[in-house]
Every structure is written in C-alpha cells, then in structure tokens.
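Here is the structure we will look at.
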Amino acid sequence: MPNIVIVGIQWGDEGKGKIVDLLADHADIIVRFQGGNNAGHTLVVDDKKIILHLIPSGILHPDKLCIIGNGVVVDPEVLIEEIESLRGQGFFPDDAMLRVSSEAHLIMPYHKLIDHAREAKNAKGKIGTTGRGIGPAYEDKATRVGIRMCDLANPGFLKERIESALAERNFLLTRYFDQSPVDPREVFDRLMALSEKITQYIADIPAILASRIARGASVMFEGAQGTLLDIDHGTFPYVTSSHTVAGCAATGAGIGPTMIDAVYGISKAYTTRVGGGPFPTELFDDIGRCLQEKGTEFGATTGRKRRCGWFDAVAAQHSVRVNSLSGIIMTKLDVLSGLSSLMICTGYEVDGRLIDEFPSDIPTLDRVVPRYIELPGFKDDIGKARDYSDLPDNARNYIDKIEELLAVPVTMISVGAERTQTIIRRHPFAP
Ligand code: GDP
Ligand code: IMO
Ligand code: MG
C-alpha cells in the first residue's frame, strides 16, 4: 500500500482535515510532520464538528495509529486539552493510538509571550500570527536552546536547559518588549506536572515507521498550513516558521524521501487567507463577501474572518512545482454555486509586463495586477453530487480548465463539509 503526503497548496485552511479524516480509512498510520497548534483542522461527522489543532485527523478512526513527528512544535497544555476533549466526545479510546516523537520541540510559555509581544510592538508590519508561540519555538530549535520531548525524562538536564533558554529570552522580554520576566522554576514545575500525562506517548518515531512500513503499513502524512505559508517557498515574511511543503514530510517524520509514493495538494475552488500579507486575487466587493459568508470563512484556530478571492492559477502552479504534485483535491466547489461567472487568474501584470511565475519578493507581489479568464458559473446546489457526471456542465468546465492550466489531474472534489460529500475520481490509495 502506498505512502502519501497531503499538503495545502494555498494559504492554509483548504480542507485538509476533512480529506485526511476521509482517507484515513485506507491508511494504517497518520502523521503530522510540521507546524503546531496554529493549525485548525475541521472534521464534520454526522453533523458533529471536531476541530483538531495538534493531533492528526485520523484520530476518529479507532484502529489507526496517529503520530506527531519531530518536525511539529508541541504545546503540552494543548496536547493534553485536545486528548481530554476527544475523550469527552467519545473518541480516542486507547492510549496506544497516539505516539509523539521524542525529538519534537516544545512550545514553552515564554514562546507565546514573545509571539504576542512581537506582534504588538510591530503593529504596522505585523504578520498576523495565531499567537500560539510557533515562531519563537522554531527559533529556539534553530538556535539550539529548545526543549524537546526527550528532555522530560531527565529533570536535572531539563531544569538547566530551561534556565539557559530563559537567560536570553528574559533579556529580550524585559529589555526589548517591556514585559515581566518568566521564572524558570515555575516553568519547570508546571512542565514536570504536565509531563506525567505525556510521557506515555513519547516514542522513537523513525523506528516505528521503518518497522511498520517494512511490514506493509500504509502511511498518510498530514500537512498543516499551506504551501504559500512555507518559510522558504511562501510569501516571506508573511509565512509561518516551518516548511509546509511535501518534502518536509520526510524530515519532519524521520523517513527518507524514497518512502513517499505520491503527493496530493488540497486546494479550495477559490482562495482564502487569514492574517497579513499579499493576496493578488483578493476580492473587496460583494463577491468576496459572498464567498466569506457562504463558505463560512472564519479561522478554525483564531476565529478571524478569512480574506477571500478568486482561484489563482499562478500561485497554484508554483505550489504544483515545489510539491511535485501527483494530483489535486479540490474542496468547497459548492460555495461557488450561484455566481454568474467564475474568474481564474492566469497571469500577473507587473509594471506593464505580463509574468506567469509567482514572484518571491513582497514589493513585486504587492503591485501585481491579476489577469483573469472568465468562465460561466453554475446555479445548481451540488451538495448531493457523488459522481463527476452529477456536476453541472459549467462546474466540470471550471475543473477541466484548472486541470489544463496546472497540468495536474483533479482527482477528488469536495462538495460539502461532511465525509460523504465527496466525489472520488481516482482514489489516492488505489493501487
Ligand atoms: P484545514 O485547516 O485545511 O483542515 O481547513 P479548515 O478546517 O481550517 O477549514 C476548512 C473549512 O471548510 C472547515 O470548516 C470544513 O468543515 C469546511 N469544508 C471542507 N470541505 C468543504 C466543502 O467541500 N464544502 C464546504 N462548504 N465546506 C467544506
Ligand atoms: P491550517 O493547518 C491558515 C497563518 C497565520 C499567519 C501566519 C503565521 O489550519 O491550514 P503563525 O502562528 O504560524 O506564526 O502565523 O500563518 N497560519 C495559518 N493560516 N491556516 C493555518 O493552519 C495557519 N497556521 C498559521 O494566520 O498569517
Ligand atoms: Mg485550518
């Protein structure tokens, strides 16, 4: 059975949670490999809505193993809350269903304070982060003062690590951000109390994956955020602090790239973005408001209104390339019904010149003028479509055009938030 990677190809919230939950049926193991609880993945099952921030979206299936890989930054408070919330809703019956990498870094209380203080101090140029401490946690990993899951087993060592991290971080908090210092003792005591509930999940993930794959297990790697939020390939600096692209599934889980058989990119039928940064096809008119309302476009983590716009084939082509996509899974096609015409951005005009590559610098991205093609819209409610032939001609025409522009097949189409509201043209786990 194949091992597949699922990534978002826009600015996040493409519907990864719904698709991973649906496909989890066919996988044995589901792995989160980057990001943290900045993610909000929504699953709708029998009218019940479950939002996961940290635990992989396979957790509703009792016979699956869910893994939080080394590339994820884990807030231990959130992990425990999420476990308890799932239990309260009757899910996650067995502790053996979840394993967390011993190499994963922890989000510490001071990371959240720095995240907030930095955004407040930099009000004009702020990124619009989720405030979950993601950036500062990855910073500490890169500067090698981060705290890891495996440190919980060595209290003396952990205490020293917290003291040494805080020696620098407190200087920043007090002298630059005018905040109160954080007491290393309090941080240590709280973490030791939390660690009692977490240590049972900590494991050697590369060893588990290698042995399970060797015995024929099929793994699905669940991306968080989206390609345009990748720290290198996204709209830097308006990005998150991890690699969100498919290649990171290998480094963030502890497998080699030869283990990956296929990569599927999730894309909305239009585009949304939450937080600051360039968004060439953003709409500020009634159509934008209509997408926002009909698509109930509110952030699953922060509740912020999502900015909405047309499908951007220039940005999508960039994502196709940096992820080497095998196929596209298109979500929220139902939201477009009722619009008289549908626009697709096929090029950008910059200073009177037409370009078809996605620029890497913000000053250029800020002044690109999108060039559109116009396609006829469709009126019918498509929420009950289960086969490609059930879709109206104009909806199929829209998808065919996107396939042609991206030169990648659209293999699945989602027409509603429920698991069943999906058209499968080619199953990602089909041999
Ligand atoms: P993720 O972060 O990529 O998992 O996406 P989010 O959960 O943040 O946002 C996607 C939203 O769209 C959620 O509220 C989903 O329930 C919803 N959703 C997913 N697929 C569809 C679809 O095909 N149609 C509609 N109307 N809603 C969908
Ligand atoms: P899922 O997995 C949408 C955005 C934030 C901000 C930027 C940096 O649900 O698709 P951070 O807190 O990561 O430092 O914020 O990234 N962002 C997301 N936007 N979906 C997400 O996750 C996001 N995670 C982070 O809004 O612009
Ligand atoms: Mg989300």
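The values are calculated or read from the model by the stated rules, or taken from the named source; none is laboratory data. Keep in mind the model is a prediction, meaning the values are calculated, not measured. All Cβ positions, glycine included, derive from the backbone under ideal geometry; neighbour counts span all protein chains shown. Accessible surface is based on the protein model in full, side chains and every heavy atom, while ligands, DNA and RNA are left aside. Shrake-Rupley method; radii C 1.70, N 1.55, O 1.52, S 1.80 Å.
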The Rg/Rh figure for the range 83-158, Cα atoms and Kirkwood Rh, to two decimals is 1.10
Of the convex hull enclosing the alpha-carbon atoms of the range 105-197, the direction-averaged projected area in nm² is 6.0 nm²
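How much of the accessible area of the range 150-284, in percent, comes from carbon and sulfur atoms when a 1.4 Å probe is used?
Heavy-atom surface of the range 150-284 belonging to carbon and sulfur, 1.4 Å probe: 54 percent.
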The rounded separation in angstrom of the Cα centers of the range 200-245 and the range 337-397 is 29 Å
Note to self: with every protein chain in place and a 1.4 Å probe, the range 268-424 gives an accessible area per residue in Å² of 42 Å²
Share of Cα-Cα pairs in the range 310-374 beyond 20 Å, whole percent, is 38 percent
P(r) of the range 10-51 over all Cα-Cα pairs, 5 Å bins starting at 0, rounded to whole percent, reads 5, 19, 28, 28, 16, 4
The aspartates and glutamates whose Cα lies under 19 Å from the Cα of K379, excluding any fewer than 8 residues away in the same chain, are D286, E293, D334, D387, D390, D393, D400
Reduced to Cα centres, the span from the range 30-56 to the range 121-197 in Å works out to 25 Å
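Expected output is a single nm value to one decimal: the length gained when fully extending between D178 and R367, i.e. 0.36 nm times separation in residues minus the C-alpha distance. What is it?
Working: separation 189, 0.36 × 189 = 68.04 nm, distance 3.61 nm.
Using 0.36 nm per residue and subtracting the Cα-Cα distance, I get 64.4 nm.
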Once all protein chains are kept in place, E163 shows an accessible area at probe 1.4 Å, nearest 10 Å², of 80 Å²
Nearest-0.05 FRET efficiency for R304 and E404 at R0 = 45 Å, using Cβ-Cβ distance, is 0.85
One finds, for T199 and D25 with R0 = 25 angstrom and r their Cβ-Cβ distance, a FRET efficiency to the nearest 0.05 of 0.25
Rounded to the nearest 500, the 222 nm mean residue ellipticity computed for the chain from DSSP H runs (n ≥ 4, each -39500 (n - 2.57)) alone is -9000 deg cm²/dmol
Cα gyration tensor of the chain diagonalised, 5x eigenvalues square-rooted, in angstrom largest first, produces semi-axes 36, 26, 18
So for the range 379-431, using the alpha carbon gyration tensor with a ≥ b ≥ c as root eigenvalues (a/c under 1.5 gives rounded; past that, a/b versus b/c decides prolate or oblate), I'd call it oblate
What one gets for the range 268-424 as the Kirkwood radius, inverse of mean 1/r over different Cα pairs in Å, is 16.3 Å
Plugging the Cβ-Cβ distance of R396 and H427 into 1/(1 + (r/R0)^6) at R0 = 25 Å yields, to the nearest 0.05, a FRET efficiency of 0.80
Checking rank on 189-195, 243-249, 395-401, with mean other Cβ inside 10 Å and highest first, the result is 243-249, 395-401, 189-195
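Express the relative contact order of the chain as a whole percentage, based on alpha carbon pairs under 8 Å and six or more residues apart in sequence.
20 percent
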